[in-house]
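Colleague: Next up is a structure, given as structure tokens.
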Amino acid sequence: MTIKLVIPSPTIEPGKSKFQLVSREADSIPEALKLMRSDVDKDLDMGHCKIVILNSELGQENFPETLYWFIRRHDVQRIEYIALAEPSAKALLELSPKSERLAANSLFLIFGQEGTETPLIVTVYMYDFYSRMLEKGKDPYLPIITIREEAYEINRVALFNKEKIVMTLSTEETGIFSQLVRKQSQVVIKASEGGLNYVLSVEDYDHKYYISESNPHNPQINMDVTIKAVAEESNQPLFDKDWTKLEEIAEKQIKDRYLTLFEQMKRNEVDPIGFGLRYIATHHNGEKDWEKWNQIYPKVKFNVKINVILKGTGVIK
């Protein structure tokens, strides 16, 4: 266990943040904390802890047991952020980016989306993650933090069942996932056909879905997605082209990406979107509904309808 302690300084300048790392190895978190108290000259108040970073290896086994201490501890805030680290949490805490004015402040600005806003950074609070560990029909997930060229790289997400990591999303899949769980706009969508390549910048995004059981042998989840976007970049002039055709190209490729992600989640038996929670919330037979959903989900068919509205090509004729 490693704790990053901020050292107050009269001057606040980028790259001049001061901190102290205290690290101890023990059989349990309380024991490690007890040993740490002999290494510092001030009492450790966990109420000031703002983010918990866990080694990705912990996500492979006994992950709930690691989390219980943070939930049971009376002075740990439930609103602190939680994330996974690769290769290790300690290596991540040792990093001090040049733009950082206060120790670890970069991570607070990133996850609080006060310094940057991007759909690739998925913020998870401790209370939300823990509730998903217990909630039927809604599985947990965590962002993955890595180090690249002395800076943080956060553009992937790990999906859990109730016990461990079962799949890791790529950068492109993370963007789609962020739209599904947070309805995030500000996403960049690539589309291409033949020699035409263009990039759409999403300005408005929304989706809705319903679960159909009209055919008990063929359950379906029907989702309608509406995307309003402008063309941000293209290798060919787009103003005089058929905008309807451009929308259709993007719709087909976005649909394929959504279906691929849904099928992967179904194959790995995880449901971070909350389809199962929606199902049991709209039925009234209690535990029987949950048992029925576990039978439905492995054979459910996803139908996705994408509606792309091109608002402009980014140029004025």
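Colleague: Name, by its number, the condition in (1) of a type in the set (Gly, Ala, Ser); (2) crowded, with 16+ Cβ neighbours inside 10 Å; (3) part of a strand (DSSP E or B) that does not hold for residue 250.
Modeller: (3)
Colleague: Same structure again: So residue 74 passes all but one of these: (1) surrounded by fewer than 14 Cβ atoms within 10 Å (Cβ to Cβ); (2) in contact with a helix residue (DSSP H, G or I) (Cβ under 8 Å, 6 or more places away or on another chain); (3) part of a loop (DSSP other than H, G, I, E, B). Which condition number does it fail?
Modeller: Unmet condition: (2).
Colleague: Shifting gears a bit: For region 261-306, enumerate the residues that are over 29 Å from residue 163 (Cα atoms) and touching a helix residue (DSSP H, G or I) at 6+ places or on another chain (Cβ under 7 Å).
Modeller: 304, 306
Colleague: Which pairs turn up if I take residues in region 71-85 that are under 23 Å from residue 109 (Cα atoms) and look for partners that are assigned to a strand (DSSP E or B) and of a type in the set (Phe, Trp, Tyr) with beta carbon separation below 9 Å, at least 6 apart in sequence or on another chain?
Modeller: Matching pairs, first to second residue: 78/125; 79/125; 80/125; 81/125; 82/125.
Colleague: As an exercise: evaluate residue 189 against (1) over 23 Å from residue 280 (Cα atoms); (2) of a type in the set (A, V, I, L, M, F, W, C); (3) not in a strand (DSSP E or B) and give the number of the one condition it does not meet.
Modeller: Answer for residue 189: the failing condition is (3).
Colleague: Pull up region 35-55, narrow it to residues that are over 18 Å from the mean Cα position of the chain (by Cα) and at pLDDT 90 or above, then point me to the one that is farthest from residue 93 (Cα to Cα).
Modeller: Among them, the one singled out is 35.
Colleague: Among 80, 86, 135, which is the only one that is under 21 Å from residue 270 (Cβ atoms), out of contact with any Pro (no Cβ under 7 Å at 6 or more places or on another chain) and surrounded by 17 or more Cβ atoms within 10 Å (Cβ to Cβ)?
Modeller: Unique residue meeting the criteria: 86.
Colleague: Here is a further query. Among what's in region 12-34 and is at pLDDT 90 or above and assigned to a loop (DSSP other than H, G, I, E, B), pick the residue that is surrounded by the fewest Cβ atoms within 10 Å (Cβ to Cβ).
Modeller: 25
Colleague: For region 147-168: of the residues being within 15 Å of residue 123 (Cα to Cα) and not charged (D, E, K, R), which is surrounded by the fewest Cβ atoms within 10 Å (Cβ to Cβ)?
Modeller: Out of the qualifying residues, it is 152.
Colleague: Looking at 221, 154, 145, which one is assigned to a strand (DSSP E or B) and either assigned by TED's automatic domain parsing to the domain that holds residue 312 or basic (Lys, Arg) (or both)?
Modeller: Only one candidate passes the filter, namely 221.
The values are calculated or read from the model by the stated rules, or taken from the named source; none is laboratory data. Here the structure is a predicted model, which means the values were calculated and not measured. Methodologically, a virtual Cβ is constructed for each residue, glycine included, from the backbone with ideal geometry; neighbour enumeration extends over all protein chains shown.
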